[in-house]
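Quick notes on the structure that follows.
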Amino acid sequence: MIKLPDTMIVAQQRNTTALASSILCSAACIIFAWFIHAPFPVNIIAYISLGLAAFIMSLQLLPLTTMLSQFYHHLVSSKMILFNMLGLQMGIAAALYYRHTYGMFLFPATINSFAMVAICIAVVEEVVFRGFIQGKLQKVNAGFSVVFASLSHAAYKATLFLTPFLAQKINISSLFLTSLLLFLVLGLLKQYSKSIVPCIIAHVVFDVIVYAEMTTAPWWVW
């Protein structure tokens, strides 16, 4: 029997752990989306799932000082400034296309308080799907990490509308495919920039422009 070198065994164990944690985190997010609008006490399942996802991610967190220094570097370096500008342009372009498609004025007339909620949601989603899931799977395979994280994010979005606890008529296939395409683009942006900052900028700008005029959260926002 051929014995693998210790370095290969450690690498395989690391890849297995990364894949398992990514799958569990993704599954927890999807379960959360399915049950979050359920009546009490069934909706407790959603919060348990959310807590599980947070716990899985907490096991992989870097020290706060390290994360802050990386974030600062990803804002001010010359390379990252270009990627951040690209993320900004992508967010604006996608938002304007969305507003035009749904017969809205290209730019919002006002920015209401819900915009702050939209910003928080955008940041959290990017940290979970591009930051944690794609980041962990990057160690396994770069292309696979982009595809898996995008599929997980699109499945999470679709599940919010698929849940049986709210009767909403929407074309789920169209929603899933459109979301998947957008998330693949964000995944590639993260892949080439080596940072989630451009993705956060793109997602935040999109959500603010699209939802700025809302005074209350739409039904699908948890």
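Within the stretch 114-139, the set of residues being modelled with pLDDT under 90 and either surrounded by 12 or more Cβ atoms within 10 Å (Cβ to Cβ) or among the β-branched types (Val, Ile, Thr) (or both) comprises 114, 115, 117, 118, 139.
Filtering the stretch 12-61 to residues that are closer than 15 Å to residue 129 by Cα and not in a helix (DSSP H, G or I) leaves 60, 61. Taking (1) free of Cβ contacts under 8 Å to residues at least 60 places away in the same chain; (2) within 11 Å of the chain's Cα centre (by Cα) in turn, residue 126 satisfies each apart from (1). Restricting attention to the stretch 167-215, the residues that are among the charged types (D, E, K, R), buried (at least 20 other Cβ atoms within 10 Å of the Cβ) and either on the phi > 0 side of the Ramachandran plot or more than 15 Å from the chain's Cα centre (by Cα) (or both) total 0.
Provide a single number: the residues in the stretch 93-117 that are touching a residue at least 24 places away in the same chain (Cβ under 8 Å), among the aliphatic types (A, V, I, L, M) and part of a helix (DSSP H, G or I). Count: 5.
Taking the stretch 38-68 as the range and being modelled with pLDDT of 85 or more, under 20 Å from residue 24 (Cβ atoms) and loosely packed, with under 11 Cβ neighbours inside 10 Å as the test, the residues that pass are 58, 59.
The values are calculated or read from the model by the stated rules, or taken from the named source; none is laboratory data. Since the model is a prediction, treat every value here as computed from it, not as a measurement. In this analysis, Cβ positions are derived from the backbone assuming ideal geometry, glycine residues included, and neighbour counts consider all displayed protein chains.
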